[in-house]
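One structure below.
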Amino acid sequence: MLKPNTTKGKLIVVEGIDGSGKSTQIDLLFKWLQTQGYSVFFSEWNSSPLVKSTTKAAKKEKSFTPTTFSILHCTDFANRWENGIYPLLKAGAIVLADRYVFTAFARDVARGVDPEWVRNMYSFAIKPDAALYFRVPLDVAVERITAARASLKYYEAGMDLNLSDNINESFKLFQGKILDQYDQMVDEFGLTLIDGTQPVKEQQKKVRVLIKKVLRGWEGLPNPNKAAASARSSQPAAEKGGK
Amino acid sequence: MKSPNFYGAGFPYRDIQQLPGKLIVLEGTDGVGRSTQIKLLRRWLEDEGYAVSDTGLTRSTLTASGLEAAKSGHTLGPLTLSLFYLADFADRLENLIIPALQAGFIVLSDRYFYSVMARDAIRGVDKSWSRQLYGIALRPDLILYMKADVPVLAQRLIHGRGLNYWEAGMDLHLADNMYDSFLTYQNLLTKEFDELALTYNFVTVDANQKSDAIFEDLKTHILELLHNRLTKTKKPR
């Protein structure tokens with residue numbers, strides 16, 4: 001369903017339920033890749049300025065249906081895709097995405113939207129070079145989120161599904177449904193499983209090994225800052241390389 | 001497909017059994033006189049004793065302000081615009097059209113999704129992608145396609161509300177001025193509409209005629225639809 005990556009760039013995405021630790025990992029990865037001198041960019045789920053006001057208002061008014069929730073999140077994605085992710089990949093950059101189409105497939109289907117329909121909606125997107133799925137057991141994720149937050153939000157807790165009147169209970173049930181969807185997608189899309197219960201440092205080690213493999217032998221968009229720095233420090237080596 | 005009333009997936013999480021109302025769609029390009037006809041039809045149907053509800057493109061309160069802001073900026077790609085329209089459509093379908101049909105209303109829709117498909121197709125959006133997305137749509141009971149020649153449309157618009165950026169397809173850079181762009185764009189749209197007319201079984205009405213003549217034609221088709229329903233319900237007697 002997703003298009004093969006025929007661009008010069010590399011697309012790396014992280015996925016997982018709330019509290020899986022994926023954002024921490026992608027943040028570390030981003031900084032590491034920068035230090036390595038790569039041209040690397042970052043895109044976050046639900047962050048398009050164009051669509052934000054609409055989504056925000058609908059959340060406040062609780063006026064989403066599962067279908068309009070699904071479509072507006074795809075609108076947000078499409079806007080980031082057309083104005084950011086895709087042109088950057090064409091240019092040969094590395095793009096990191098905190099949540100990608102799999103988030104929509106998991107959440108929207110958990111909300112009762114037709115699985116094929118939502119997959120078709122996102123079919124303009126490219127299959128990532130690496131899709132890292134941070135898996136944690138439900139109670140661990142729920143524990144992390146409830147400890148870190150004063151209160152849960154209506155839609156993140158899936159309150160629109162009437163699973164339970166208690167918001168914490170609803171959150172747990174809803175995240176469980178999403179987790180099931182993620183697990184089903186591991187084979188369908190070849191997601192790479194990472195154990196999110198391991199210490200942060202251990203996970204990052206694994207992530208870097210995986211990404212090194214993806215980037216081996218690849219020459220992307222040169223980073224002008226890095227090129228200038230290495231030219232200054234290693235003039236003779238650069239000449240050698242030019243032979 | 002659980003319900004035969006939808007083109008595709010519909011809304012699987014919704015249990016929709018009975019839709020006693022009728023969904024009547026008026027389609028056609030810009031300046032063809034759809035909104036005038038909707039007003040006339042609504043008055044006529046209400047005189048006949050039918051409960052009528054009407055709706056039209058971009059009227060969803062969910063997306064109206066976002067869409068307006070989007071169209072006035074420069075960062076709007078074809079996919080994003082297309083999805084904004086889809087959100088508008090889905091919201092009105094679920095929250096307005098379906099409830100009205102459940103309550104037995106006649107719903108007059110000023111355009112449906114066919115217009116969006118036509119304009120998307122011209123902007124290079126994949127047609128099978130659009131078709132699957134609009135699998136959430138209900139099949140209307142009647143689709144009336146008001147078709148007029150492009151010079152007639154131009155004349156009406158210039159004497160009416162004037163040409164506008166989007167109706168002239170200025171984002172496509174088809175010409176260096178709005179008038180020529182309008183002509184080229186509307187010709188492209190008409191071609192797309194003709195194709196959609198076959199795919200989705202439009203009933204074509206000649207919209208080159210005067211307004212009251214168009215109205216009579218539309219009435220004839222609607223009466224036929226409503227009459228069919230009457231004869232159907234009378235059968236068991």
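The alpha carbon centroids of segment A:151-219 and segment A:96-113 are separated by 10 Å. Considering only C-alpha atoms, what is the centroid distance from segment B:38-99 to segment A:1-68, in Å? The distance from the Cα centre of segment B:38-99 to that of segment A:1-68 comes to 30 Å. Stretching the chain fully between B:Ser35 and B:Ala175 yields a gain of 47.6 nm (0.36 nm per residue, less the alpha carbon separation). For chain B, relative contact order (Cα pairs under 8 Å, six or more residues apart, normalised by length) works out to 28 percent.
For A:Ser151 and A:Gln184, a Förster radius of 30 Å and the Cβ-Cβ distance give a FRET efficiency of 0.50, rounded to the nearest 0.05. The C-alpha atoms of chain B define a longest principal axis, and helix B:78-92 lies at about 30 degrees to it. Entry note, chain A: relative contact order of 31 percent, from Cα contacts under 8 Å with a spacing of 6+ residues. Using DSSP, restrict attention to beta bridges with both residues in the protein assembly as shown and report what percent are antiparallel, rounded to the nearest 5. Approximately 5 percent, going by the DSSP bridge assignments. Helix A:101-110 sits at what angle to the longest principal axis of chain A, using alpha carbons and giving 0 to 90 degrees rounded to 10? With both axes taken from Cα atoms, the answer is about 10 degrees. Its residues counted as N, the protein assembly as shown yields a C-alpha radius of gyration over 2.2 N^0.38 Å of 1.14.
Since only B:Pro151, B:Tyr50, B:Ala175 are under comparison, the one whose Cα sits farthest along the positive direction of the charge dipole of chain B, derived from C-beta charges on Lys, Arg, Asp and Glu, is B:Tyr50. Think of chain B as having a plus end and a minus end, set by charges on the Cβ of Lys, Arg, Asp and Glu; of B:Leu79, B:Gly160, B:Ala90, B:Ala90 sits farthest toward the positive end of this dipole.
How tilted is helix B:150-159 with respect to the longest principal axis of chain B? Cα atoms for both, answer in degrees (0 to 90, nearest 10). Result, in degrees: 80. Electrostatic tally near B:Ala197: other residues with Cβ closer than 10 Å to its Cβ, Lys and Arg +1, Asp and Glu -1, net -3. Overall, segment B:29-174 carries a charge dipole of about 240 debye about its Cα centre when +1 sits on the Cβ of Lys and Arg and -1 on the Cβ of Asp and Glu, all other atoms neutral. Computed over segment A:1-109, relative contact order equals 51 percent, with contacts defined as Cα pairs under 8 Å that lie 6+ residues apart.
Read-outs throughout are calculated quantities, based only on the coordinates presented, and are distinct from any laboratory measurement. Note that the structure is predicted; figures quoted are calculated from it, not measured. Cβ sites come from the backbone with ideal geometry, for glycine too, and all protein chains shown count toward neighbours.
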